[in-house]
1. Pull up all non-local amide H partners of ALA188: gap of 5 or more, or a different chain, and H-to-H distance under 5 Å with H placed in the peptide plane.
2. For the residue pair ASP513 and ALA656, what label-to-label distance in nm results when each label sits 7 Å from Cα along the Cα-to-beta-carbon direction?
3. Find how many whole Å separate the alpha carbon centroid of region 519-563 from the alpha carbon centroid of region 384-424.
4. Using a probe of 1.4 angstrom, how much of the accessible area of the chain is carbon and sulfur, in percent?
5. Within region 427-446, name every residue whose backbone N is under 16 Å away from a label modeled 7 Å from Cα of GLN469 along the Cβ vector.
6. Tell me which residues come under 5 Å, amide H to amide H, from ILE542 once H is placed; ignore anything under 5 positions away on its chain.
7. Two-decimal Rg/Rh of region 111-254 from alpha-carbon positions, Kirkwood Rh?
8. If R₀ is 51 angstrom, what is the calculated FRET efficiency for the pair ALA818 and ALA57, using the beta carbon separation as r and rounding to 0.05?
Amino acid sequence: MAGMSRCGPLLWVTGIVFLLLGLALAAGGGWLLALGGSAYYLLAGLGVAATGGLLLAARREALWLYALVVLGSTLWALAEVRLDGWQLLCRLDAWFALGLWLLLPFVHRRLGGEGGPAAQLRGGRWVLGGALLLSLVVGAVGLSRHPHDRPGEVAAASMAAAGTAVSPLTAADDWTAYGHTGYGDRYAPAKQITPDNVGRLQLAWTFHTGDLKGPGDPQEIANEVTPLKANGMLYLCTPHSVVIALDPDTGKERWRFDPKINRDARHYQHMICRGVAYHDSGAYAAAAAAGQLPAAPASSVPAATPKGAVAAESIRFDSCPRRIFAPTADATIVALNADNGQPCADFGDRGVIGLNQNQPMTRRGFLNPTSPPLATQHVLIVSASVIDNDSTREPSGVIRGYDIESGRLLWNWDASNPDDTAPLPAGQTYVHNSPNSWSVSSADEKLGLAYIPMGNETPDMWGGRRNPQGERFNSAIVALEIATGRPRWVYQTVHHDLWDMDIGGQPSLVDLDTAHGKVPALIASTKRGDVYVLDRRNGSLIVPAPERPVPQGAAAGDRTSPTQPFSALSFEPAALRERDMWGTNPFDQLACRIMFRRLRYDGPFTPPSEQGSLIYPGNMGVFDWGGLAIDPVRQVAVLNPSYMAFVSRLYPRGKAEAKGGTGGEQGLQPMTGTPFAVDLHPLLSPLGIPCQAPPWGYLAALDLKTMRRAWMHPNGTIRDQAPLGIPLPLGVPSMGGPVVTGGGVVFLGGTLDSYLRAYDLRNGKKLWQARLPAGGQATPMSYVSGRSGRQYVVVMAGGHGSLGTKMGDSLVAYALPAPPPARPGQAPAQAAPLNAAAPR
């Protein structure tokens with residue numbers, strides 16, 4: 001107490017705080033040093049603790065010593081990260097704040113020491129003030145720079161390219177498939193909205209589906225739907241599989257169909273519907289008559305009815321000439337009359353086909369078609385997701401083709417029994433756990449091929465007992481003949497995948513302009529960050545992807561591939577280093593550095609381990625189901641890469657037990673039937689923020705003529721994650737993909753901060769943004785109303801449970817201001833016309 005009376009209570013408390021903070025930092029720093037990490041935290045901790053001791057002794061040397069801590073920290077930070085502002089901030093912010101506190105007169109006024117002149121105290125204040133000023137200047141300069149921004153422009157010749165690229169089945173003002181057309185390019189030809197006028201966009205209407213998260217729903221309930229615009233209506237589905245048709249000008253409901261799925265969702269891993277499929281028999285008949293499509297199913301086999309296929313029936317569609325095909329969470333596909341929402345009685349069992357038929361396991365929730373089926377001229381191609389990492393006795397990932405009119409099964413392609421596509425007879429079952437396709441497929445009906453993005457044989461993180469037949473189709477793009485279901489070619493992007501690096505995005509089809517003329521290409525984004533460019537006729541590489549050696553040392557009973565393909569066109573991040581660990585302050589960052597040093601990390605493809613392996617990019621992926629958007633006229637692709645590190649730790653049986661069938665993709669997963677359970681979680685600091693430094697999300701463009709990046713900018717803010725809603729522009733992850741328009745504008749709404757934004761395709765500059773009522777983790781779409789002639793941009797704002805964004809039920813539409821009503825005797829104002837569109 002005598003010491004406290006000598007220095008005063010405020011200085012005494014300050015000294016205690018410095019002493020405790022310093023000792024804690026030194027202890028953690030010693031641990032980090034023992035793990036082979038930086039010595040800075042030990043030295044800085046000792047300096048801060050010694051400052052605390054001097055404060056308790058009321059000695060003026062405390063200011064001089066702390067000035068040395070601040071100066072040393074500033075120089076060390078510059079050596080580690082140079083002038084990277086957000087990296088500097090977490091290294092210097094706490095020391096700067098504590099230094100300011102020491103400079104307050106009512107804090108340091110009792111400092112002096114025995115017999116020391118006041119001038120020495122003033123000198124200490126000046127030295128500490130100078131060190132803090134240097135730290136402030138360094139931080140301010142760093143924050144003013146943008147080291148992760150990569151400016152550039154799409155070539156002027158590309159931006160000026162003329163022409164159109166519209167499917168013979170899709171009018172220029174419609175959006176008739178999940179990715180606009182079966183090509184999956186997410187390109188809207190409409191040109192009313194341009195970089196010059198997009199700033200005038202305003203809210204046109206909002207529709208509330210009324211489908212909100214209910215009791216017992218899984219954590220991953222999400223509104224990921226991209227609506228369709230066809231037949232003079234908008235069509236969408238909700239997380240609980242309700243199908244709704246709207247007026248495209250007003251957002252008013254036209255009809256609604258509720259399949260009344262079993263809402264007891266305790267065993268569902270996902271409660272998601274990304275969209276529905278549309279089929280117009282009249283449009284197909286017209287295209288076939290015009291020679292734009294084959295009149296009969298295309299096949300590489302010249303027989304009338306090849307082995308393994310059933311001849312498609314003549315297309316009559318007496319009761320439902322225009323159909324909506326909707327997936328439901330209880331493993332069915334429902335066919336609805338697009339005009340009125342009534343089930344098509346002549347399809348399947350009164351409008352329904354069940355996907356559990358011939359499945360080896362039919363427990364509710366384990367088979368769930370979260371994405372729309374692929375509707376082609378004669379065949380409806382259906383796939384589904386299965387629960388990840390539950391067991392080795394799960395449903396098959398079989399992909400099936402049904403007659404588009406009757407719903408009769410034509411073929412089935414089971415990747416673990418790939419050569420026999422004939423429908424299974426009653427009593428036989430598909431192969432447990434064969435690789436599935438949970439995302440959206442694409443089709444080139446002139447070639448007669450469907451392009452399937454394949455998932456991984458679950459369990460994902462240990463593959464010692466996988467089916468050798470199915471193994472070659474894991475994490476691959478497979479071209480199936482639409483008529484027979486037979487595989488024409490396969491390209492595997494990850495060999496023996498132990499990281500859940502499957503292909504989440506829909507493959508996008510585009511005819512590339514090359515020196516040798518047009519080349520029919522397929523472009524696939526992957527969770528790894530690699531972008532694969534293939535000739536869609538035969539699967540050959542257009543952009544090289546050489547095999548390279550990768551880390552070895554799989555868990556007991558498993559193996560790793562000695563090499564993996566690495567595309568020359570890639571957004572794969574650089575390998576993480578200790579200095580890349582982040583946090584809100586030095587203590588948070590120290591915790592992340594210790595976690596980093598304790599994990600196994602040998603760069604990309606570090607195998608899962610009992611030690612715990614750092615997986616970067618994590619299984620959320622650089623690119624997930626949002627895929628990419630392609631402007632086929634300008635030959636530009638737009639992508640939204642995200643970067644989040646995950647941890648994969650294996651637990652031998654007996655050390656950790658997880659209950660199966662509980663849903664969720666993070667946390668402890670049982671992997672029953674293997675020697676291990678697995679714990680999957682993002683690499684987060686003790687405060688729940690990413691351990692790796694920002695940016696965590698970007699928007700980027702690729703010039704498809706040169707196969708090089710045109711520009712890449714950090715995208716999004718932490719407004720909805722930061723205290724007080726501070727919109728720091730760190731660049732955040734996004735879930736959902738972009739859309740590009742004929743007017744040269746890109747739209748993206750998937751960021752964590754609940755905005756829909758518009759960008760200039762030429763240079764990526766943000767032109768406009770609108771606050772959404774909930775998380776916009778869905779891909780937008782755009783269309784032109786046939787009645788009003790206005791171009792609309794529509795996005796679902798319903799939130800994402802796993803990402804923690806605000807939940808809701810709003811479908812939101814934006815448009816330029818409507819033309820003023822015509823005066824008496826005056827012709828009505830017309831919306832800007834679309835260029836005439838020719839079939840591609």
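1. Correct list: VAL740, THR741, GLY742.
2. About 5.3 nm, to one decimal.
3. 24
4. Ligands and nucleic acids excluded, carbon and sulfur reach 57 percent.
5. Under 16 Å, as judged by backbone N against the label point of GLN469, lie 428-436 of region 427-446.
6. HN-HN under 5 Å from ILE542: VAL533, LEU534, ASP535.
7. When Rh is taken as the Kirkwood radius, the ratio is 1.33.
8. The calculated FRET efficiency here is 0.10.
The values are calculated or read from the model by the stated rules, or taken from the named source; none is laboratory data. Since this is a predicted model, take the numbers as computed values, not measurements. Because the Cβ atoms are built from the backbone with ideal geometry, glycine has one as well, and the counts that use them run over all protein chains shown. Accessible surface is based on the protein model in full, side chains and every heavy atom, while ligands, DNA and RNA are left aside. Shrake-Rupley method; radii C 1.70, N 1.55, O 1.52, S 1.80 Å.
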